[in-house]
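The values are calculated or read from the model by the stated rules, or taken from the named source; none is laboratory data. The shown structure was predicted, so the numbers you read here are calculated from the model rather than taken from an experiment. So basically every Cβ, Gly included, is an ideal-geometry build from the backbone, and we count neighbours across all protein chains shown.
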Amino acid sequence: MSKPPFQVDNSEASRVTRAWVLHPDIKSDPDRRPAEHGLAEAVALARALPELEVLGGEIVPLKTVRAGMLFGTGKIDEIHDALEEREIELVLVDGPVSPVQQRNLEKAWGVKLLDRTGLILEIFSDRAATREGVLQVEMAALSYQRTRLVRAWTHLERQRGGLGFVGGPGETQIEADRRAIDEQLVRLRRQLDKVVKTRALHRAARAKVPYPIVALVGYTNAGKSTLFNRLTGADVMAKDMLFATLDPTMRRVQLPDGPEVILSDTVGFISELPTELVAAFRATLEEVLAADVICHVRDISHPETEAQAQDVREIMASLGVREDRPSFEVWNKLDLLEPEARDAMQARADRDERVFAISALTGAGTEALLAAITAELQGVKHEHHLHLDFAEGRKRAWLFDHELVEAERQTDSGFDLTVRWTAQQEAQFERL
């Protein structure tokens, strides 16, 4: 694996950084959400990095954004005093911060500053486990870094998996070398091209496996990995933490009274996804694009569940997932609702055959979901290899009459056939 481009000094990597979160509540933004929910998500994002001690955060009301400083002079002074009192070392701004704004705010407050994109990139780098995931995140980070001439990334050393935004020396040195970054980007693209070709071969091999694919998608921390573990018996990292899962995980599952399937757990989505990471998402979501059934897992107990669901739909559409793809909505975390709200939610779900209210933690409702997936897959074709003796001409004729034969090879004892059929057609054939 190539040497990572961002590195943290060994003496700094183990030290916890005191952090504070600011959520700018911009009144002129037509798409603004309730500020308290935005701040809560930003704090949860920050706490996803173990080396940060997040002391809290605050909402900063803004009529308009100041081009050079983001905030007004009075507010900057007020925040400075609060940061100094709490001995804050890192400020996380929940939103975009331009390089000029970042430089000015760091100078005014005497701290390091990271915006939402930088924080998400840091988390992704910390969590990426596969070769492709690491390469994609490093490329995204370099593209982001290239616009910010306030880091000395060529001089940093890294011990952990992060990008070096959070800790390490050199933050006050303006030594970022665009040529070095561009050269590194070229090297990473070459490496990634090789990985992409390898993945294409793996995908082609998977296409020959006679198992339909069921993909779990949803907003980060919706409970996908908990559901995945319950259905597969696997031990995928499942915590009450944003981006607990980054790299996709796949397992074979035998559905009750149904076919075997490949169940895929994917990275969680999030609002205002950094554009630098769209390519990384696309790479890890190819199983979703090829899935026979998609299960959109939602945290139904979250106050922003509707907005989160819309974010997921928009990102899925941008990635090229067709709306007509067979799918179910899985309303998870039913166990976190009060009894009255839980009953009302269950009643709403019962009125829609494509919606299932469940608790992945307790298992409630999962049997009905699996039954619906089984029924849906009865119409999904899968590939199968079989051998017919010369005496089984009736069966062979039936296969050709129904146009199910993909390939055929005659042997000394009969015919080797590759067929593509539905579970129902397979059952009909077995009754011949």
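Give the residue, chosen from LEU114, LEU105, LEU92, that is part of a helix (DSSP H, G or I) and either without any contact (Cβ under 8 Å) to a residue 24 or more places away in the chain or surrounded by 15 or more Cβ atoms within 10 Å (Cβ to Cβ) (or both).
LEU105
Which condition number in (1) over 28 Å from the mean Cα position of the chain (by Cα); (2) of a type outside the set (A, V, I, L, M); (3) crowded, with 17+ Cβ neighbours inside 10 Å is the one that GLY379 fails?
(3)
Any chance you could count how many residues in segment 13-25 are buried (at least 18 other Cβ atoms within 10 Å of the Cβ) and either without any contact (Cβ under 8 Å) to a residue 40 or more places away in the chain or not in a strand (DSSP E or B) (or both)?
Qualifying residue count, segment 13-25: 2.
Among the residues of segment 285-297, is any in contact with a strand residue (DSSP E or B) (Cβ under 6 Å, 6 or more places away or on another chain), in a helix (DSSP H, G or I), of a type in the set (A, V, I, L, M, F, W, C) and modelled with pLDDT under 95?
Looking through segment 285-297, at least one residue is in contact with a strand residue (DSSP E or B) (Cβ under 6 Å, 6 or more places away or on another chain), in a helix (DSSP H, G or I), of a type in the set (A, V, I, L, M, F, W, C) and modelled with pLDDT under 95.
So which residues in segment 33-57 are surrounded by 13 or more Cβ atoms within 10 Å (Cβ to Cβ) and charged (D, E, K, R), if there are any at all?
Residues satisfying the conditions are ARG33, GLU41, ARG47, GLU51, GLU53.
Hey, any hits in segment 70-80 for a residue that's of a type in the set (A, V, I, L, M), more than 16 Å from ALA19 (Cβ to Cβ) and either buried (at least 20 other Cβ atoms within 10 Å of the Cβ) or not assigned by TED's automatic domain parsing to the domain that holds THR17 (or both)?
Yes, there is a match, as at least one residue in segment 70-80 is of a type in the set (A, V, I, L, M), more than 16 Å from ALA19 (Cβ to Cβ) and either buried (at least 20 other Cβ atoms within 10 Å of the Cβ) or not assigned by TED's automatic domain parsing to the domain that holds THR17 (or both).
Here is a yes/no grid of residues against (1) modelled with pLDDT of 75 or more; (2) buried (at least 21 other Cβ atoms within 10 Å of the Cβ); (3) among the aliphatic types (A, V, I, L, M):
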position: PRO212; (1), (2), (3): yes, yes, no
position: THR220; (1), (2), (3): yes, yes, no
position: GLY223; (1), (2), (3): yes, yes, no
position: LEU227; (1), (2), (3): yes, yes, yes
position: ASP235; (1), (2), (3): no, no, no
position: LYS239; (1), (2), (3): no, no, no
position: ILE262; (1), (2), (3): yes, no, yes
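Might you check whether a residue that is in contact (Cβ under 8 Å) with a residue 60 or more places away in the chain and assigned to a strand (DSSP E or B) occurs anywhere in segment 48-69?
Yes, because at least one residue in segment 48-69 is in contact (Cβ under 8 Å) with a residue 60 or more places away in the chain and assigned to a strand (DSSP E or B).
As an exercise: evaluate PHE390 against (1) surrounded by 13 or more Cβ atoms within 10 Å (Cβ to Cβ); (2) touching a residue at least 24 places away in the same chain (Cβ under 8 Å); (3) not hydroxyl-bearing (Ser, Thr, Tyr) and give the number of the one condition it does not meet.
(1)
Does segment 310-364 hold any residues that are closer than 23 Å to VAL288 by Cα, assigned to a loop (DSSP other than H, G, I, E, B) and of a type in the set (Gly, Ala, Ser), and which are they?
Hits for segment 310-364 are GLY320, SER359, ALA360.
When GLN410 is evaluated against the numbered criteria (1) loosely packed, with under 12 Cβ neighbours inside 10 Å; (2) assigned by TED's automatic domain parsing to the domain that holds LEU216; (3) of a type in the set (S, T, N, Q); (4) without any contact (Cβ under 8 Å) to a residue 24 or more places away in the chain, which criterion, by number, is the only one it fails?
Going through the list (1) loosely packed, with under 12 Cβ neighbours inside 10 Å; (2) assigned by TED's automatic domain parsing to the domain that holds LEU216; (3) of a type in the set (S, T, N, Q); (4) without any contact (Cβ under 8 Å) to a residue 24 or more places away in the chain, GLN410 breaks only (2).
Residues checked against (1) of a type in the set (Ser, Thr, Tyr); (2) more than 23 Å from ALA215 (Cβ to Cβ):
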{"site": "SER318", "(1), (2)": "yes, no"}
{"site": "VAL321", "(1), (2)": "no, no"}
{"site": "LEU334", "(1), (2)": "no, no"}
{"site": "ASP343", "(1), (2)": "no, yes"}
{"site": "ALA349", "(1), (2)": "no, no"}
